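The values are calculated or read from the model by the stated rules, or taken from the named source; none is laboratory data. Computed from a predicted structure; not experimentally measured. Every residue, glycine as well, gets a Cβ built from its backbone with ideal geometry; the counts of neighbours run over all protein chains shown.
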Amino acid sequence: MKSFWARSLELIALVGVPFGLLAAPAGAGAVDLEAIRTYLRTHPNAGSEVSAPEVGQALYLHVDVRANGASAAVSAPVRILLDGRLYCFGVHSIRPEGTTVWCNALWAATAGAHTVRGEVDYDHGAE
């Protein structure tokens with residue numbers, strides 16, 4: 001049985017201000033499922049990446065994840081949280097070279113500071 005450890009990444013978003021990244025500590029185990037970065041785009045898995053959204057702008061939340069140390073794709077749950085609340089989730093096939101996951105529901109940017117957090121294998125149920 002493979003050993004999995006998950007880590008997450010937060011994207012601090014201030015509407016109208018560029019993003020900053022906060023990485024979690026490195027994990028241990030044979031396969032390290034990692035959330036690499038979170039970001040916003042104008043369309044799901046397409047369109048332009050937006051680093052300084054405008055109030056009211058319609059955007060889609062994305063997270064890039066990868067399965068470090070795996071020889072093939074690993075099935076694992078991925079979720080994206082906005083301001084600490086679940087925005088979307090699902091089980092995805094995560095490739096060693098990386099996989100992009102996004103929410104199909106758009107977010108209309110609001111004024112103020114926001115946190116977008118991507119998590120992979122948050123329930124430690126990866127296969």
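Of note:
- Condition broken by SER93, with the remaining ones in (1) free of Cβ contacts under 8 Å to residues at least 12 places away in the same chain; (2) surrounded by fewer than 17 Cβ atoms within 10 Å (Cβ to Cβ) satisfied: (1)
One line per residue, one yes/no per condition, for (1) farther than 19 Å from TYR122 by Cα; (2) without any contact (Cβ under 8 Å) to a residue 12 or more places away in the chain; (3) surrounded by 15 or more Cβ atoms within 10 Å (Cβ to Cβ):
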position	(1), (2), (3)
ASP32	no, no, yes
ALA35	no, no, yes
LEU40	yes, no, yes
GLY56	yes, no, no
LEU59	yes, no, yes
HIS62	no, no, yes
CYS88	no, no, yes
GLY98	no, no, no
TRP102	no, no, yes
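- Output for the stretch 104-127, where each listed residue is of a type outside the set (Asp, Glu), closer than 14 Å to PRO77 by Cβ and not in a strand (DSSP E or B): TYR122, HIS124, GLY125, ALA126
- Of the strands (runs of 3 or more DSSP E) lying entirely inside the stretch 14-59, those containing at least 3 residues that are within 17 Å of the chain's Cα centre (by Cα) and at pLDDT below 50 are 17-23.
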